[in-house]
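J.: Can you read through this structure? Questions will come right after.
Every number here is computed from the coordinates shown, using simple stated rules; none is lab data. Here the structure is a predicted model, which is why all the values come from computation and not from measurement. Glycine also receives a Cβ, built like all others from the backbone with ideal geometry; neighbour counts cover every protein chain displayed.
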Amino acid sequence: MEQICPLCNGLQEYEVECEECKGKMIDKGRMSDYYDNYSSYLDMNITELIDGVQSDKCVHLFSCSDCKNDKRITIDKVIK
Ligand SMILES: [Zn+2]
Ligand SMILES: [Zn+2]
């Protein structure tokens with residue numbers, strides 16, 4: 001039994017309405033990918049929080065295509 005993220009695996013499209021401009025926010029990928037790249041800029045508390053969440057949740061970064069507003073969305077993983 002394996003839990004996978006439906007967004008990372010292309011099983012599901014996820015659209016979020018932008019709180020700022022009501023535009024469409026699009027998935028920019030896994031938050032942990034960003035943390036891997038930029039981990040040196042973050043303090044340990046944030047990194048630990050993300051690690052703790054990773055087991056059955058996947059945190060994605062969404063960005064508005066109109067106003068560039070960013071938002072983190074926690075995605076529930078599904079059983080494969
Ligand atoms: Zn994911
Ligand atoms: Zn927007």
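J.: Would you mind calculating the gained length between Lys80 and Cys21 on full extension (0.36 nm times residue separation, minus the Cα-Cα distance), in nm to one decimal? Don't skip to the answer; put the middle values down first.
T.: Values: separation 59, 0.36 × 59 = 21.24 nm, distance 3.57 nm.
Taking 0.36 nm per residue and subtracting the Cα distance, the gain is 17.7 nm.
J.: What are the ³J(HN,Hα) values, in whole Hz, obtained from phi via the Karplus relation 6.51 cos²θ - 1.76 cosθ + 1.60 with θ = phi - 60°, for each residue of segment 26-31 in sequence order, with x given for Gly and Pro?
T.: Computed from phi, the couplings for segment 26-31 are 10, 5, 9, x, 5, 5 Hz.
J.: Which of the peptides 11-17, 24-30 is most tightly packed, and how do the rest follow, going by the mean number of other Cβ atoms within 10 Å of each residue?
T.: Numbers: 11-17: 11.6, 24-30: 16.3.
The most tightly packed comes first, giving 24-30, 11-17.
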